[in-house]
Every structure is written in structure tokens, then in C-alpha cells.
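Below is one structure, written out as C-alpha cells, with a few remarks after it.
Each reported figure results from applying straightforward, stated rules to the coordinates on display, with no laboratory input. Predicted model, so just to flag it, every value in this text is computed and none were measured. Cβ sites come from the backbone with ideal geometry, for glycine too, and all protein chains shown count toward neighbours.
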Amino acid sequence: MPSRTDLIEELMGRFPHVPREAVIKEDLLRGGLAFDESALTDNESGDVKPKSYFIFSFDHRTLPELGAAALRRPPEEIVLTGGPYGLRRTVVSVRINPDSPYRVRPDDDGRLMLFLDGRAISEVGLPPMPDYYRHTLANGKSVMEVAPTIQWGYLIYLTAFRVCQYFGAKEECQYCDINHNWRQHKKAGRPYTGVKPVDEVLEALAIIDKYDTTRASQAYTLTGGSITSKVEGLAEADFYGRYAQAIEERFPGRWIGKVVAQALPRADVQRFHDYGIRIYHPNYEVWDKRLFELYCPGKERYVGREEWHRRILDSAEVFGPRNVIPNFVAGVEMAAPHGFTTVDEAIDSTAEGLQYFMSRGITPRFTTWCPEPTTPLGRTNPQGAPLEYHIRLLEIYRAIMEANGLSSPPGYGPAGPGQAVFSVSSFMDTLPAEAAAPRN
Ligand code: SF4
């Protein structure tokens, strides 16, 4: 049976124009990696920035199954460089899988390395503990809990509502563990605030603003579960919008404001914009009609796919098409038992969706599917999607973007191999560096 090394080298050979860094990064994101105990963090009291569990678990095992990594968290991200493939600097989000053929551990000289099938393939850099994580709010809560940063410090991730009102098998998206992740952290006794009070968010941001002296943080994302009724008396646009309003009043223009929310009717979208949000992510999740209906039963029931897409187009009139960036979960197209069974079919379908939006000036982006074990699709597809699918997606994404005269979307930091900081897929590592949008 071919090894994982054989697989990545075969794909590097077949797709020489896709950066080698992206091949390894996609494989790590879809299948996870293991950490030696010596490479784990000392949580919030050490020198390495720990994994914050900013919204989903993004792990291949539940917390109780992670062993030492449940007690001493892994780092939020790692950065890969050098090795036999000559990797340029590549930031990768950490998704733990104790059974992965990838393992982070020191080599015989004590240098931290990424091993694949027992061979060192890259040096590993760890994110330093940011100064702002060393301070707490007046009530004792940590900045990591209230306002964690990801993407090597570029993005402040504000999951204001830690659960989703699409609840249970008939409503939750079939690849999403937001509700389980909330339950497992509560059960483990970790601080994990269900609804983040606005004043706590402001206090945490003030600490970041004060101690982020290099101004690495450039953007914030407001997000959380979907709100189908109300939270604290507010419907979705006003619930998430009030945070932006408070942030923009207190720190006008300090960060680019983004929101990941449902595709809402135009009047609600206008309210997001009025509250000060500048980038809107109404995620369409998966393009294929049958798969959307099966995988996103709550969204299908409450809104419906056609209406969801119509609202995405409407929102471009409010935000401008460049600033509407809907996400899809790359890989679920191939999840058994309902997904496409060939890479060709999956790529054709995904490309159709990309062309639909990009021909209208809207640039979708994607995160690489992590098959978390407590989700229906993760249970039936613990290996995730074939690596070839992820590599060909990078190729087709860039081709359709260029055919439509578009460049990398705003709010993601720099593009290009060796430059990108976006850590949960390698689309930014694959786009040309010169195409980076201004203000990144
Ligand atoms: S809408 Fe779907 S993907 Fe989003 S939080 Fe709810 S269940 Fe998860």
C-alpha cells in the first residue's frame, strides 16, 4: 500500500504549479497531526500560544480522547519551513489526530520538526505567546477565551454566541460540531462563555489594542451559531451587529470588521453595514443542490438554497461584491454516503458554484473540511476527502478567479506562498503574491 509520503509526492509531481507547501498544508488540515508531549504548550502560563478552540473543535478526536493534549493544549498554529521539499514559510492551523502519520517532535539535535512516516520533512516554528494573552479582564477571564486571535495574530475571532439554534440531527449542518464543542468544553470545566457580553469583548479588545504594539491584528470576525429566534431579545442582525457598533464607536477603524452570519434579507444586511461591518460572509457551505438539502437541513428548511443564493447576490448591492465572501466547506462534496464518488464530479460541481458567484464579482473562499468525530459526516468519513480533491480545488479556484478578473479577497492578509497567514485552507498560499488586495 502506498505511504502518505508516496501520495503527497505523486500529487506534487502531477500538479507542479500548485505550491508544494499547499499540498502538505491541505493534507495536515484534512487529516490532522499528532504532537509529542514535549511539543505541547503550557497553556496560558507558557511561552507558546495555545489552541483556543475558537468556534469548532477542529480535532479528529473528542477532548477526553486527546490524552495529554487535552491537559496541555497544542499550539494554535504552527509554521513550516525548509526540509527536503524546501518549504517556504507556511502557517497551518492545528487539528489534532493522534493516529496521523504526521507528528511534531524534536529531532536528535533538539530542533522541533514535522515528521511524516518517520522522516523529518520540515522545521516547525511555534507561535509566541502574545503579550495581550498574558493579561486578564477585571473579572478574571482570559483574553484567549473572550477574543482569541488566529492567523498568526492577524484576525481576532469573536464567537459571540457559542452555540447554534439549528439544533439536533434534523437541523444542524452535518459536518458541524459547534454544539458538541460547547458541551465538551463545559463538561471539561473549561471557561467557555455561551454568550459573550459586549463589555467583556470591548475590555479584551482594549487589552489587545494596548499590547499589540506591532499592530499584527488587522481584522475581527463576529460570528457564532445561527439565530433563528432571538438571543437576549435580539434577532441575528441586531445581536451580532451590536458588537460591531460598540467596537466601531470605541475603536473607530482600528480593525476591518467582518461578520459570518446567515444569508439574511436585504434590510438586515443593510443593518450589518450600518453597524460598521465591512465584510460579510453569508456561507453557502456546499454548492450542489441535493447535498445542500441533505447536509444543511436547518438552512434548507428555514431559508432554502435558492433564497440563500438570492440573498447573497442582494447583499453585494449593500457591501459591494468584493466585500461579500461566502465560505464553503471544501471536501464535504465527497462525503459518503451521499457525496460525489469521483473527484471529477466533485470538482465540476464546486467549479459551477465558483463561476456562479465569481462571474458576478463575488469571491467565495473555503475552509478545508475537518471530519470531527461527533458529526454525522465525520463519523462516516473519518479520513475526510481525498487529497487530490483539495489540490485540484486550489487549481480550479485560481483559474476561475483569474478568468473573471478577480484577485484575492480583502481581509485575509497577504497572498502568496511564503506570505499567507490564513491558516484553515491554503487558498491564500496558492494565489499570486502580487494580487493581494490593498489594506491587507
Ligand atoms: S448554521 Fe450550520 S455550520 Fe453554522 S453553526 Fe449552525 S450548524 Fe454549524
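The phi-based Karplus calculation (6.51 cos²θ - 1.76 cosθ + 1.60; θ = phi - 60°) puts the 3J(HN,Hα) values of segment 388-401 at 4, 4, 5, 6, 5, 5, 4, 5, 6, 4, 5, 5, 5, 4 Hz, whole numbers, x for Gly and Pro. Amide H contacts of Ala219: Ile156, Ile256, each under 5 Å away and 5 or more positions distant or on a separate chain (H built 1.01 Å from N in the peptide plane; Pro and chain starts excluded).
When Lys and Arg each count +1 and Asp and Glu each count -1, what net charge do the other residues less than 12 Å away from Leu71, Cβ to Cβ, add up to? After counting each charged neighbour, the total is +1. In a DSSP loop and with at most 15 other Cβ atoms within 10 Å, the GluC sites (Glu not before Pro) in segment 151-260 are Glu232.
In straight-distance terms, cross-link reach from Lys299 covers every one of the lysines whose alpha-carbon lies under 26 Å from its own, apart from those fewer than eight places away in the same chain; here that gives Lys170, Lys196, Lys230, Lys258, Lys289. List residues of segment 297-313, by number, whose backbone nitrogen lies under 19 Å from a label position 7 Å along Cα→C-beta of Ser359. Counting backbone N atoms under 19 Å from the label point, the list is 306-313. DSSP bridge analysis restricted to the chain gives an antiparallel fraction near 50%, rounded to the nearest 5. In this label model, Asp107 and Arg14 are separated by 3.0 nm, measuring between points 7 Å along each Cα→Cβ vector. For Phe35, the residues 5 or more places off, or on other chains, whose built amide H falls under 5 Å of its own are Val104. Measuring nothing but how far apart in sequence close Cα pairs (under 8 Å, 6+ apart) lie, relative to its length, the chain scores a relative contact order of 16 percent. Residues Arg95, Arg103, arranged from fewest to most other Cβ atoms within 10 angstrom of their Cβ, appear as Arg103, Arg95.
Across segment 121-134, computed HN-Hα scalar couplings (Karplus, 6.51 cos²θ - 1.76 cosθ + 1.60, θ = phi - 60°) run 10, 6, 6, 10, x, 10, x, x, 4, x, 3, 5, 6, 8 Hz from first to last residue, x flagging Gly and Pro.
Find the percent of Cα-Cα distances in segment 198-286 that exceed 16 Å, and round it to a whole number. Value for segment 198-286: 53 percent of Cα pairs lie more than 16 Å apart.
Mean projected area of the convex hull spanned by the Cα atoms of segment 290-360, taken over all viewing directions: 5.0 nm². The residues His281, His273, when put in order of fewest to most other Cβ atoms within 10 Å, stand as His273, His281. Counting every alpha-carbon pair across segment 37-174, the share separated by more than 22 Å comes to 45%.
Computed on segment 322-377, with alpha-carbon pairs under 8 angstrom and 6+ residues apart, the relative contact order is 52 percent.
Here, segment 307-440 yields an orientationally averaged convex hull projection of 8.6 nm² when only Cα atoms define the hull. Once the Cα-Cα distance is subtracted from the 0.36 nm per residue extended length, the Asp36 to Leu313 segment shows a gain of 95.0 nm.
Per-residue extension of 0.36 nm, minus the Cα-Cα distance of Glu293 and Arg4, leaves a gain of 100.7 nm for this segment. One way to sum up the overall shape of segment 132-414 is the equivalent ellipsoid from its Cα gyration tensor, whose semi-axes run 30, 22, 19 Å, largest first.
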